[in-house]
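Here is the structure we will look at, set down as structure tokens.
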Ligand code: HPA
């Protein structure tokens with residue numbers, strides 16, 4: 001898809017130059033409601049921006065101040081299962097880069113593959129396994145953003161992971177660390193897939209994050225990704241998986257995650 005990276009429309013509506021991008025996962029969009037001096041821009045008002053169709057995803061940018069930093073939130077993200085190409089999912093990340101954002105904080109709701117994790121746990125994502133069947137960098141390389149072959153050795157910025165750990169300690173919020181496996185969905189995984197993913201080294205599974213991280217790392221952004229475990233992955237318990245459970249658990253823990261993100265931004 002030919003992409004026209006026009007930032008004028010969005011930039012013209014903001015009160016300041018955003019420093020940090022925030023992508024809010026399923027059931028976690030409420031963080032955008034905590035911003036001071038909020039400005040809301042629906043995706044449909046941003047040229048080139050795909051619309052967010054997933055349940056629990058509002059589909060708008062909200063900009064404002066959080067912990068003294070001007071942040072641009074995506075209240076609602078784009079997923080491959082909505083039919084978007086990886087390039088389309090990368091579009092808002094690249095818009096953020098062009099707006100001057102060099103730090104991206106991503107949240108997601110995910111299932112625990114690691115049996116030691118439990119619903120409600122918050123996990124600093126240390127690395128990922130791409131099982132989405134695509135890559136946002138496929139196609140002609142956009143050299144203005146980054147190189148053809150993008151090194152992924154440290155896509156999840158070590159200093160931000162340290163900052164998140166320190167913030168968790170200050171707040172008394174225990175944090176897990178683990179590997180996220182991106183699965184295309186929209187069906188949840190089978191128990192056999194989850195057993196296979198565990199052997200491969202996954203701790204978490206979810207349907208987002210991976211394309212965003214690849215696009216952000218390609219264009220040189222620092223990335224922090226926090227997974228909120230909303231359920232044990234398929235077959236780990238006898239429980240069936242449901243969207244309602246994901247949204248419910250995310251909502252229960254949303255305030256803790258919000259406090260954590262705020263503490264991280266306040267200190268770095
Ligand atoms: N699998 C995939 N995506 C998810 C899950 C899961 O178990 N939980 C929340 N998002």
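Overview of values
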item: Residue exposure sequence - 199, 113, 179 - by fewest surrounding Cβ within 10 Å; result: 199, 179, 113
item: Expected 222 nm ellipticity per residue - DSSP helices of 4 or more, -39500 (n - 2.57), all of the chain, to 500; result: -8500 deg cm²/dmol
item: Förster radius 35 Å - calculated FRET efficiency between residue 30 and residue 116, Cβ distance, rounded to 0.05; result: 0.80
item: The chain: relative contact order as a whole-number percent, Cα under 8 Å and 6+ apart; result: 26 percent
item: Residues residue 251 and residue 81, FRET efficiency given R0 of 25 Å [Cβ-Cβ distance, rounded to 0.05]; result: 0.70
item: Computed lengthening from residue 37 to residue 98, 0.36 nm per intervening residue step minus Cα-Cα distance; result: 19.7 nm
item: By average C-beta atoms within 10 angstrom, highest first, the peptides 117-129, 240-252; result: 117-129, 240-252
item: Two-site label geometry, residue 13 and residue 152: point separation in nm, points 7 Å out along Cα→Cβ; result: 3.2 nm
item: Calculated FRET value between residue 244 and residue 184, using beta carbons and R₀ = 30 Å, to 0.05; result: 0.90
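Taken together, the values in this text are just the output of simple stated rules run on the coordinates, not laboratory data. Please read all numbers here as calculations on a predicted model, not as lab measurements. Using ideal geometry, Cβ is built from the backbone for each residue, glycine included, and neighbour counts are taken over all protein chains shown.
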